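J.: Just dropping this structure here.
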Amino acid sequence: MPIEYVTAGESHGEMLVGIISNVPSGLTIDNEFINGELKRRMLGLGRGARMQIEDDKAEFVTGVRAHKSVGSPITALIRNSDHKNWARTVGADATETDRKITAVRPGHADISGAVKYGLSDARNVAERASARNTASLVALGAIAKLYLKQLGIKVCSHTAAIGIVKAKPIFDYDSVNELADADKVRCLDKAASENMVNEIRMAALSGDTLGGISEIVVTGCKSGIGSYTSYDKRLDGLIMRAVGSIQSVKAVEIGDGISGSSLYGSAFHDCIYPDGNGKIVRKTNRAGGIEGGMTNGEPIIVRAYFKPIPTLKNGLDTIDIATGDQTKAADERSDVCCVPSGGVICESAVALALANAVSDMLGGDTMAEVVKRYKAKESAV
Ligand code: EPS
């Protein structure tokens with residue numbers, strides 16, 4: 001069975017939970033690395049006041065013994081520090097159902113969620129639909145990264161655009177996360193970064209929000225991960241689903257998929273040349289490392305397009321679902337721009353999708369077996 005995962009938890013509930021299953025035994029569950037990933041998710045200009053309240057840390061309560069995976073499902077808990085301020089009204093032992101959201105936010109799950117689940121207010125919807133849930137995704141994504149690292153596969157990201165400000169493209173994939181994490185908006189282009197900072201500050205001042213683009217880069221893959229044989233084994237589909245389900249992501253691009261749609265085939269496809277040692281080389285990577293639903297040995301390039309966060313200080317026109325009257329949308333505490341931390345979240349989604357495809361291909365009860373099988377696997381590059 002391939003590596004799979006599930007998450008649970010409400011934004012202001014007691015805790016967030018993530019369960020990852022089919023991780024082979026013998027993988028070192030490095031708490032320092034995993035908590036470092038959780039910290040990375042909380043940083044970046046544009047984050048809201050909640051990030052000052054939380055100190056996200058994963059507690060492993062199943063599937064790990066003495067910091068090693070044992071082969072059974074691994075459960076990570078992340079406690080919500082803010083729960084103490086909400087226990088009266090959120091969670092199994094809540095005694096009140098106040099803090100209602102009736103002025104539903106355009107762009108959020110509020111209205112469709114409330115109607116779907118027969119609710120008179122959108123609090124339940126907002127609690128689960130919240131991007132707070134991505135903390136459990138990042139804890140599990142960190143385990144997927146540790147698994148992939150054993151095979152020499154690395155997942156990183158940087159900010160490619162915020163609002164109308166675009167960064168210069170990058171072609172050097174060494175130290176991407178180290179350099180990005182040192183920047184306020186996780187951008188590797190210094191001039192663009194300064195403009196992005198100004199854009200976020202301007203949006204905050206005017207009670208508005210901003211979207212943008214995160215680029216995720218995966219290096220070290222052999223060719224042949226994923227498969228063309230069945231739609232549910234196609235790696236591009238797996239990645240698009242994982243990234244596209246992250247809050248605020250409205251489009252996912254692999255390689256030059258968007259700009260390439262207006263080119264001739266002769267200008268788009270990455271020509272193949274012999275490398276002189278029985279393998280192949282390419283001079284371009286417009287396919288973004290995936291052809292026919294499989295890795296082709298080039299770096300995987302994924303771009304996640306984030307819409308502006310739908311909770312605005314200056315609420316948009318909407319209705320109050322309690323009265324049916326026209327009003328302004330509720331102002332819940334929120335972020336101004338989620339793109340810098342969004343990159344870290346997308347890294348996790350991509351790592352989990354890739355770990356699923358790798359484990360489907362290799363199987364293996366122990367990490368030693370997985371590493372041996374990957375080494376033995378033929379690659380075109
Ligand atoms: C977030 C926690 C949330 C929001 C934000 C991200 O906490 P709270 O609602 O208590 O402020 O700050 O969520 C959203 C932007 C959203 O639309 O849901 C987090 O931990 O990432």
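The values are calculated or read from the model by the stated rules, or taken from the named source; none is laboratory data. Predicted model, so just to flag it, every value in this text is computed and none were measured. A quick note on method: Cβ atoms are made from the backbone with ideal geometry, for glycine too, and the neighbour counts reach across all protein chains shown.
J.: Please give the number of the condition GLN247 fails out of (1) surrounded by fewer than 19 Cβ atoms within 10 Å (Cβ to Cβ); (2) part of a loop (DSSP other than H, G, I, E, B).
T.: Checking GLN247 against (1) surrounded by fewer than 19 Cβ atoms within 10 Å (Cβ to Cβ); (2) part of a loop (DSSP other than H, G, I, E, B), the one that fails is (1).
J.: So in region 20-48, with the set limited to residues that are in contact with a Ser or Thr (Cβ under 8 Å, 6 or more places away or on another chain) and assigned to a helix (DSSP H, G or I), which one is surrounded by the fewest Cβ atoms within 10 Å (Cβ to Cβ)?
T.: MET42
J.: For residues in region 126-142 being out of contact with any Asp or Glu (no Cβ under 9 Å at 6 or more places or on another chain) and not polar (S, T, N, Q), which is surrounded by the fewest Cβ atoms within 10 Å (Cβ to Cβ)?
T.: Going through the qualifying residues, I end up with LEU137.
Conditions tested, residue by residue: (1) without any contact (Cβ under 8 Å) to a residue 60 or more places away in the chain; (2) of a type in the set (Ser, Thr, Tyr).
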| site | (1), (2) |
| --- | --- |
| ALA160 | no, no |
| VAL165 | yes, no |
| ASP181 | no, no |
| LEU188 | yes, no |
| SER206 | no, yes |
| GLY212 | no, no |
| ILE216 | no, no |
| SER223 | no, yes |
| SER227 | no, yes |
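Residue-by-condition table, conditions (1) among the β-branched types (Val, Ile, Thr); (2) more than 16 Å from the ligand (Cβ to nearest atom):
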{"site": "TYR5", "(1), (2)": "no, yes"}
{"site": "GLU10", "(1), (2)": "no, no"}
{"site": "VAL23", "(1), (2)": "yes, yes"}
{"site": "GLY36", "(1), (2)": "no, yes"}
{"site": "GLY44", "(1), (2)": "no, no"}
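J.: Continuing with the same structure: Name the residue, out of ILE111, ILE162, ILE153, that is of a type in the set (Val, Ile, Thr), in contact with a Lys or Arg (Cβ under 9 Å, 6 or more places away or on another chain) and within 16 Å of the ligand (Cβ to nearest atom). Break it down stepwise before answering.
T.: Numbers: ILE162 fails: in contact with a Lys or Arg (Cβ under 9 Å, 6 or more places away or on another chain); ILE153 fails: within 16 Å of the ligand (Cβ to nearest atom).
When all the criteria are applied, what remains is ILE111.
J.: For region 338-365, give me the residue count where each residue is away from the ligand (no atom under 16 Å from the Cβ) and polar (S, T, N, Q).
T.: 2
J.: Looking only at region 55-85, which residues are more than 13 Å from the ligand (Cβ to nearest atom), of a type in the set (A, V, I, L, M) and assigned to a strand (DSSP E or B)?
T.: ALA58, VAL61, VAL64, ILE74, ALA76, LEU77
J.: Would you check if ILE254 is under 28 Å from the mean Cα position of the chain (by Cα), touching a residue at least 60 places away in the same chain (Cβ under 8 Å) and more than 16 Å from the ligand (Cβ to nearest atom)?
T.: Taking the combined requirement at face value, the residue does not satisfy it.
J.: May I pose another question? Restricting to region 317-335, and then to whatever is at pLDDT 95 or above and within 31 Å of the chain's Cα centre (by Cα), can you tell me which residue is nearest to ILE246 (Cα to Cα)?
T.: Per the stated criteria, the residue is ALA329.
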